[in-house]
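Report on one structure; see the data block that follows.
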2 protein chains.
Amino acid sequence: MPKVADQWLEDVLIAVYQRPAVTREEITRATGLNPASVSHALQFLLHTGTIQKLGALQSRGGRRREVLKLNAESGYFVAVDLETTRLRVALTNLIGDVRHQHEEDLEFGQELDLRRLAHALDRVQRNLAAWQRSRVLALGLSYPGVTDDSGKVTAVNLGWRKFPLAEKLRQVTSLPIFLETSCRTYALAERWIGLAQNTPNCIFVELGKGVGAGILADDRYLAGSSHMAGELGHITVEPEAPDQCNCGKQGCLEAIVSSSNIVRQYYELANGSPGPAGGPVNAIFEKARNNDAVALRVMDRVGRALGLGLSHLIVLFNPRLIVLGGDVTQGYDLLLPRIRRELTRNVPEFIRETELCVTRLGQDIGLKGAALLAFRNSVKDPALLKKLCKPIAEALEGGRRARRTRSVIQA
Amino acid sequence: MPKVADQWLEDVLIAVYQRPAVTREEITRATGLNPASVSHALQFLLHTGTIQKLGALQSRGGRRREVLKLNAESGYFVAVDLETTRLRVALTNLIGDVRHQHEEDLEFGQELDLRRLAHALDRVQRNLAAWQRSRVLALGLSYPGVTDDSGKVTAVNLGWRKFPLAEKLRQVTSLPIFLETSCRTYALAERWIGLAQNTPNCIFVELGKGVGAGILADDRYLAGSSHMAGELGHITVEPEAPDQCNCGKQGCLEAIVSSSNIVRQYYELANGSPGPAGGPVNAIFEKARNNDAVALRVMDRVGRALGLGLSHLIVLFNPRLIVLGGDVTQGYDLLLPRIRRELTRNVPEFIRETELCVTRLGQDIGLKGAALLAFRNSVKDPALLKKLCKPIAEALEGGRRARRTRSVIQA
């Protein structure tokens, strides 16, 4: 077999990854590699079982063109989605399909005990066959916070301030670890398998208990000089507003439009005073749908703040598409007309209209994004690439050997 | 001479360009090329005269290391800076030093007659020797507007709406043309020869008759899906403000903080009614420095709006540095404390402080930026790279031949 450069493998795997079925010619076009390099890489990947033949196309000239696809079961990832009030851990195949899953509630604002995470990691890997176990490549983790230059994570909603997340994770798993802020993970999922396929300039806006943006500019993730780009929730949209934000400021977008703040505003207005308030945000949307005057006032304010915030994104980033996610999108029917009105007021006519939509990736978006994150980084890492491209036949054989050994011990 | 890839030449030229003096080892490190490729490229560029030996360093081990530099006179550009009220055209050397210059006033908002530009192009090239003439590579042009997908330019302040700028320019010059929005050209100048050297995440904010931002994220220029990213002047900072912007909206940052709007606000407040107002913005700053109450009120409002606008840039882009330019920076002493107060209010504590400063490139920033733009694009273009790397000795010889021919004809 001729020598195959890691770079060719990486480029070919990414090209194959993003398409359900692909021909050799399409791969050559997508990667910009020369046809001989693509041939060598494909020969190698077909041999190892990382890529499979799906069938053949008969072209008009009578030439057969093979159709190829990624063998999604040739490797696995542990994907972790840390939401503000829920921990989800999954074993996924290469493309983020969940194979085993574990989920538990977290207490909002309480520091996460990593022993709970270790336990979850163990649970999802427990059912793997031995040959599969040798092909778990890495752990991808999505978290609702920011990382500083020294690698410390601040995630107010998880009770972390300068928390050494990567260091702590290395105490509970030996897998290579790839971490990313939730919004960027979500944007990655939209770009690779969601609504932003073919859209190199797009923004994912999370509207949940937290508010933030994952920004893709010319297909590159905007991180900023200290990984804090996209903190949309903390731009000031109402300079004089009394609404107190978790970040310590007032008048932040998040303090007005996050799901818990929508609920809070409703009860403050309805009861005439701040007080204990909770429950799902959709209850407030339901009231607004039933023409509850207080709920409609809240909708007006939220739509105005959100429209202004989104207008800043449009004017400053000029994205083709903004994908919205998070539980506040349950009220999209109510908010969209209010947002549109603000966009008309606040975006100049000469800036082409940006499309707005709601994610269709559902609640698995974080797990899928974490798996994609792990894939994207694994193919760049020579050791992991080698592991991924280890012939599957050998792994199966290794698995059988291991089983035989075990039966002997048990016997 | 061994075959030298265009990519090596491009990488080496850019590495040499950004340093006044550089060793072979530094070039290798900066480009990431292998040492043999760097050697081949340098051998070629030294032979052609595009790079020169500056001297040698004696290292401690006694090894001599040659110090190299770009031969800044091995090629020329025509640089055009279209400001809102002034046309500047220059012939520059490779690094943007002005060799010949022409300048004339434009009428604000009046469509520019391209015959005037043709005349200016002719004037700055007239004094070139024949051998230099053969080395004028391209025209770089900086303009205060945006280009749509079809290449049409809208620059309200120049009276252009969907103006086919490149097409019109091709009627007055045969040089290859590279165009860019002013703010991005300015950011390029800051990054390569100004305050943002070593700062891959930085933003240039123009505060003149127009307001806009040139954004560098991880050393890539943010253009957006239709080249309109960075329209900072048109974010809404006072949703209820009556101030009418040229873009058709109200409450835009530009409508409050541009130099002409600062003057306008002063006279509106001082006279109690809108009316004819003009003159340099510095006159208003002088009044404020002399404690004129009306001028101070204007400063407060401008500082508040500007601080809020800059806070959005910091929270969304997380830049290391923001460089301010334009005639409004004449009032930096008055505005800075007001801006700082707003940044403290509107940027969360966990986002690292962004440095603010005023450009030191002076009024040539646009010409220098246009020349850098032309250089950056020329080394990527095989035909222009070939022209740049044509041995200078040959060009000189060609020049002498041309002179001889001319004397014969004249005789």
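Yes or no, residue by residue, for (1) assigned to a loop (DSSP other than H, G, I, E, B); (2) farther than 25 Å from residue A:305 by Cβ; (3) in contact (Cβ under 8 Å) with a residue 60 or more places away in the chain:
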position	(1), (2), (3)
A:344	no, no, no
A:350	yes, no, no
A:357	no, no, yes
A:364	no, yes, yes
A:367	no, yes, yes
A:371	no, yes, yes
A:374	no, yes, yes
A:380	yes, yes, yes
A:384	no, yes, yes
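Consider residue A:319 carefully, then state whether it is closer than 24 Å to residue A:195 by Cβ and either within 14 Å of chain B (Cβ to nearest Cβ) or within 25 Å of the chain's Cα centre (by Cα) (or both).
Against the criterion (closer than 24 Å to residue A:195 by Cβ and either within 14 Å of chain B (Cβ to nearest Cβ) or within 25 Å of the chain's Cα centre (by Cα) (or both)), residue A:319 qualifies.
When only residues in the range A:209-231 that are more than 7 Å from chain B (Cβ to nearest Cβ) and assigned to a strand (DSSP E or B) count, which is surrounded by the fewest Cβ atoms within 10 Å (Cβ to Cβ)?
Applying the filter and picking the extreme gives A:221.
Restricting attention to the range A:323-354, and to residues there that are more than 22 Å from residue B:237 (Cα to Cα) and in contact with a Pro (Cβ under 9 Å, 6 or more places away or on another chain), which single residue is nearest to the other protein chains (Cβ to nearest Cβ)?
Here the residue is A:327.
Condition first: surrounded by fewer than 23 Cβ atoms within 10 Å (Cβ to Cβ), modelled with pLDDT under 95, at negative phi and within 14 Å of chain B (Cβ to nearest Cβ). Can you find one or more residues in the range A:249-262 that meet it?
Within the range A:249-262 (the criterion being surrounded by fewer than 23 Cβ atoms within 10 Å (Cβ to Cβ), modelled with pLDDT under 95, at negative phi and within 14 Å of chain B (Cβ to nearest Cβ)), the answer is yes, since at least one residue qualifies.
Out of the residues in the range B:88-140 that are surrounded by 14 or more Cβ atoms within 10 Å (Cβ to Cβ) and of a type in the set (S, T, N, Q), state the one that is modelled with the lowest pLDDT.
Here the answer is B:132.
Of a type in the set (Ser, Thr, Tyr), buried (at least 23 other Cβ atoms within 10 Å of the Cβ) and within 24 Å of residue B:388 (Cβ to Cβ): which single residue out of B:181, B:185 fits that description?
Exactly one residue qualifies, and that residue is B:185.
Could you run through the range B:1-27 and say how many residues are surrounded by 20 or more Cβ atoms within 10 Å (Cβ to Cβ) and touching a Ser or Thr at 6+ places or on another chain (Cβ under 8 Å)?
Count: 5.
Please report, ordered by residue number, the strands (runs of 3 or more DSSP E) entirely within the range A:3-110 with at least 3 residues that are in the same structural domain as residue A:378 (by TED's automatic domain parsing), over 17 Å from residue A:389 (Cα atoms) and touching a residue at least 12 places away in the same chain (Cβ under 8 Å).
Qualifying strands (runs of 3 or more DSSP E): A:76-82, A:86-93, A:98-105.
Please find, among A:196, A:241, the residue that is part of a loop (DSSP other than H, G, I, E, B), crowded, with 23+ Cβ neighbours inside 10 Å and more than 8 Å from every other protein chain (Cβ to nearest Cβ). Step through it out loud before you land on a result.
Numbers: A:241 fails: crowded, with 23+ Cβ neighbours inside 10 Å.
Step by step, each of A:196, A:241 is checked, and only A:196 is part of a loop (DSSP other than H, G, I, E, B), crowded, with 23+ Cβ neighbours inside 10 Å and more than 8 Å from every other protein chain (Cβ to nearest Cβ).
Do you know which residues across the range A:127-170 are in a loop (DSSP other than H, G, I, E, B), within 14 Å of chain B (Cβ to nearest Cβ) and free of Cβ contacts under 8 Å to residues at least 24 places away in the same chain?
Once the filter is applied, which keeps residues that are in a loop (DSSP other than H, G, I, E, B), within 14 Å of chain B (Cβ to nearest Cβ) and free of Cβ contacts under 8 Å to residues at least 24 places away in the same chain, the range A:127-170 yields A:150, A:152.
Is it the case that some residue within the range A:46-54 is at pLDDT below 90 and at negative phi?
Within the range A:46-54, one or more residues are at pLDDT below 90 and at negative phi.
If I ask for residues that are touching a residue at least 40 places away in the same chain (Cβ under 8 Å), in contact with an Asp or Glu (Cβ under 9 Å, 6 or more places away or on another chain) and not basic (Lys, Arg), which ones from the range A:201-215 would you list?
Filtering the range A:201-215 down to residues touching a residue at least 40 places away in the same chain (Cβ under 8 Å) leaves A:201-213, A:215.
Those still in the list that are in contact with an Asp or Glu (Cβ under 9 Å, 6 or more places away or on another chain) too: A:201-202, A:204, A:207-213.
Answer for the range A:201-215, where residues must be touching a residue at least 40 places away in the same chain (Cβ under 8 Å), in contact with an Asp or Glu (Cβ under 9 Å, 6 or more places away or on another chain) and not basic (Lys, Arg): A:201, A:202, A:204, A:207, A:208, A:210, A:211, A:212, A:213.
Taking the range A:309-332 only, how many residues are in a helix (DSSP H, G or I), touching a residue at least 40 places away in the same chain (Cβ under 8 Å) and under 21 Å from residue A:209 (Cβ atoms)?
Going through the range A:309-332 one residue at a time, the tally reaches 8.
The values are calculated or read from the model by the stated rules, or taken from the named source; none is laboratory data. Treat the numbers as computed from the prediction; the structure is a model and nothing was measured. Heads up, the Cβs are rebuilt from the backbone with ideal geometry, glycines too, and the neighbour counts pull from every protein chain shown.
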